[in-house]
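Only the coordinates and a few stated rules stand behind these numbers; no lab work does. The structure presented is a predicted model; accordingly, all values stated were derived computationally and were not measured. Every residue, glycine as well, gets a Cβ built from its backbone with ideal geometry; the counts of neighbours run over all protein chains shown.
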Ligand SMILES: Cc1cc2nc3c(=O)[nH]c(=O)nc-3n(C[C@H](O)[C@H](O)[C@H](O)COP(=O)(O)O)c2cc1C
């Protein structure tokens, strides 16, 4: 059984995954902006900025944990260079934790690990029930469209 994941933010995206044969779709980033999520204020602000701009600039980096992870960049933030030396996972995560905490307090985006998927620009700030309802409506409309184009 295949579950599609990564960059899916809308019911239309879920429909696309199902149409290509996935048994289901998994959404992560889409829920970061919901009212109930424990997303930190700085992270939430970046997601809102990405949504307002209609695109989130993200980059894959190993700098924070030594494993590839997708970081959301702030407006004007330069692409991070990959460090020449890294501790093994999870030691790198522990080593950068105090740096990230200080960076968050000081508002330095370069040293903050605000993770988000490539679809961050489609984030919606809603109560979670509202988001799920919206996804369901969009999915129904998209599936109806797919069925019609099959006829
Ligand atoms: C805040 C956050 C933390 C994450 N942490 C991990 C992690 O520890 N390990 C991992 O494999 N993926 C992690 N991911 C990636 C999720 O597995 C990914 O978001 C999921 O495949 C869904 O993709 P999407 O966020 O584009 O919807 C994280 C994603 C976010 C947004």
Two-decimal log10 I(q)/I(0) for region 57-115, as the Debye equation yields it once each C-alpha is a single scatterer, q = 0.16, 0.18, 0.21 Å⁻¹: -0.45, -0.57, -0.79
- prompt: So what is the relative contact order of region 57-115, in percent, for Cα pairs below 8 Å that sit 6 or more residues apart?
  reply: 36 percent
query: When the label point is put 7 Å from the Cα of residue 149 along its Cα-to-beta-carbon vector, which residues of region 116-142 have a backbone N closer than 11 Å?
result: 142
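Neighbour counts of other C-beta atoms within 10 Å: give me 64, 89 arranged from fewest to most.
Fewest-to-most ranking of 64, 89: 89, 64.
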field: Cβ-based exposure ranking for 99, 8, 3, in which fewest neighbours within 10 Å come first
entry: 3, 99, 8
query: To the nearest 10 degrees, how steeply does helix 128-150 sit against the main Cα axis of the chain, on a 0 to 90 scale?
result: 50 degrees
field: Point-to-point label distance, residue 134-residue 26, nm (Cα→Cβ direction, 7 Å offset)
entry: 2.3 nm
task: Figure the gain on full extension for residue 59 and residue 77 (residue separation times 0.36 nm, minus the Cα-Cα span) and round it to one decimal in nm.
output: 5.4 nm
query: If you take the Cα atoms of the chain, find Rg, then find the Kirkwood Rh from the mean of 1/r over all pairs, what is Rg/Rh?
result: 1.04
Pairwise FRET efficiency - residue 5 versus residue 101, Cβ, R0 = 30 Å, nearest 0.05: 0.55
Residue order, fewest to most surrounding Cβ atoms within 10 angstrom, among 33, 125: 125, 33
query: Rounded to the nearest 5, what % of the DSSP beta bridges within the chain are antiparallel ones?
result: 60 percent
